[in-house]
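J.: Sharing a structure with you now.
Just so it is clear, none of the values below were taken in a lab; they were calculated from the coordinates. Just so we're clear, the structure is a prediction, and the values are computed from it rather than from any experiment. Positions of Cβ are generated from backbone atoms using ideal geometry, with glycine treated the same way; all protein chains shown enter the neighbour counts.
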């Protein structure tokens, strides 16, 4: 496997380059050296075989051009054996959480995709980096900025890549939003609003991990509010500088006794732009709208895995369907193969967490909170 030279990226430089928009932006925090002949598909191991792996990532890996499923890490051996049979990899590439450090001895696996709950992301990402593997980590990157820093430090020490699984950076509707912002077609988007909400309850009679604070890190904001945050950053090409927030009274306090149920918050940007967001596990909604002086952009549904619908003040947007997860895994794998820089690096995931921590602080204090670097 090729080795990386890692140069840390300052917040100012990172934000400035993120402002260019689109998945093709070059982030010089990671660069591949000494590439020779183009390798075959990279081998990837999924860490965690829950619903997202089963329903989305696994099927996506049957469509990818630059990466293939080569192994799994799971707490259930029988489940791993079924995956091996279904996806055609050797059963020797089935690991559990006690043995996953042995990935270091397996040359068939080039990178891993961490798909466990956020509270486990730091542990599994750091162990994978130490095992010499590149890492894709599902969003949110971790429960805290401190954990994000530890993950980045581990990837730097191992000279391995750390990317975040932001599928919407490769979705054509969101790419069009970034293009409109980058080319200033309607002028700056100054007024935005978003609703991302769905109702959750018991699953097979058991509370889901999403309402366990240690595993989830928080409630609806961590899980789905992050999508609205990203859409606002795509529309402005910037990270918010301050936030205000208010948690609504809980409809089901006995169920949401560890995390928030519904959170309303406002993102405030340096140029005066704002985005009003509701994230909720009790409501229903999936929208984003951005308004500028000369036009507007709207998505409804805005953040789903498929079936997005959009329009601008110039008319409807119609793009052919695609599997977002295949596009984002291919883009990351191709950057490793070609020696180009990561489209969605770990620094981006860390920046997300600085904003999320500010939102939670504002909800607790009742005051405007600055977003820390």
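J.: From Cα coordinates alone, what are the radius of gyration and Dmax values for the chain in angstrom?
T.: Every Cα atom of the chain included, Rg and Dmax give 20.0, 59 Å.
J.: For a quick size check, give me the Cα extents of region 302-373 along its three principal axes, largest first, whole Å.
T.: Extents along the principal axes, in whole Å: 45, 39, 21.
J.: Quick one: grab the alpha carbon gyration tensor of region 67-110, order the square roots of its eigenvalues as a ≥ b ≥ c, and give me rounded if a/c is under 1.5, else prolate or oblate depending on whether a/b is larger than b/c.
T.: Because a/c hits 1.5 or more and a/b fails to exceed b/c, region 67-110 counts as oblate.
J.: For the chain, calculate the relative contact order in percent as a whole number, restricting contacts to Cα pairs under 8 Å that are 6 or more residues apart.
T.: 21 percent
J.: Something else: Provide the three semi-axes, in whole Å and in decreasing order, of the ellipsoid equivalent to region 43-151 as defined by the square roots of 5 times the Cα gyration tensor eigenvalues.
T.: They are 21, 15, 13 Å, listed from largest to smallest.
J.: I need the peptides 345-351, 45-51, 300-306 ranked by packing, meaning the mean over residues of other C-beta atoms within 10 angstrom, with the highest value on top.
T.: Highest mean packing first, the order is 345-351, 45-51, 300-306.
J.: With the calculation restricted to Cα positions, what are the radius of gyration and Dmax of region 249-373 in angstrom?
T.: 18.2, 51
J.: Still on this structure, I have one more. Evaluated at 4 °C with a viscosity of 1.567 mPa s, what Stokes-Einstein diffusion coefficient in µm²/s does region 216-310 have when Rh comes from the Kirkwood expression over alpha-carbon pairs?
T.: The Stokes-Einstein estimate is 90 µm²/s.
J.: In addition: Using only the Cα atoms, what convex hull volume per residue in Å³ does region 283-335 have?
T.: Roughly 123 Å³ of hull volume per residue.
J.: Quick one: helix 118-130 against the long Cα principal axis of the chain, what's the angle to the nearest 10°, folded into 0 to 90?
T.: 40 degrees
J.: A follow-up question, please. Translational D (Stokes-Einstein, µm²/s) of region 125-169 at 25 °C and 0.890 mPa s when Rh comes from the Kirkwood sum over C-alpha pairs?
T.: Result for D is 234 µm²/s.
J.: A further question follows. Counting DSSP beta bridges with both partners in the chain, what percentage is antiparallel, nearest 5?
T.: Within the chain, antiparallel bridges account for around 60 percent of the total.
J.: Could you run the Debye sum over the Cα atoms of region 146-185, one equal point scatterer each and no solvent, and tell me log10 of I(q)/I(0) at q = 0.23, 0.30, 0.34, 0.35 Å⁻¹, two decimals?
T.: Taking Cα atoms of region 146-185 as identical point scatterers yields -0.72, -0.93, -1.07, -1.09.
J.: With no solvent and one equal point scatterer placed on each C-alpha of region 151-263, evaluate the Debye formula and give log10 I(q)/I(0) for q = 0.09, 0.11, 0.20, 0.21 Å⁻¹, two decimals.
T.: For the requested q values the scattering log ratios are -0.36, -0.54, -1.13, -1.16.
J.: While we're on this one: Under 1.5 on a/c is rounded, so check that first for region 144-212, then, if it is not, pick prolate when a/b is larger than b/c and oblate when it is not; a ≥ b ≥ c are the square roots of the alpha carbon gyration tensor eigenvalues.
T.: Verdict is oblate for region 144-212.
J.: Taking the chain as a Gaussian network, where each spring joins two C-alpha atoms under 10 Å apart, which residue of 58, 218, 307 fluctuates the most?
T.: Highest fluctuation of the listed residues: 307.
J.: Return one number: the angle in degrees, 0 to 90 and rounded to the nearest 10, between the long axis of the Cα atoms of helix 172-183 and the longest principal axis of the Cα atoms of the chain.
T.: 60 degrees
J.: Right, another one. Between helix 226-236 and the chain, what is the angle of the helix's C-alpha long axis to the longest principal axis, kept within 0 to 90° and rounded to the nearest 10?
T.: That helix lies at roughly 70 degrees to the long axis.
J.: What percent does the relative contact order of region 171-299 come to when contacts are Cα pairs within less than 8 Å and at least six residues apart?
T.: Computed over region 171-299, the figure is 38 percent.
J.: Would you mind checking the radius of gyration and Dmax of region 101-224 based on alpha-carbon positions, in Å?
T.: Final numbers for Rg and Dmax: 17.9, 53 Å.
J.: Let me ask something else about it. Two decimals, Cα atoms only, Kirkwood Rh: what is Rg/Rh over region 205-261?
T.: On the Cα set of region 205-261, Rg over Rh gives 1.06.
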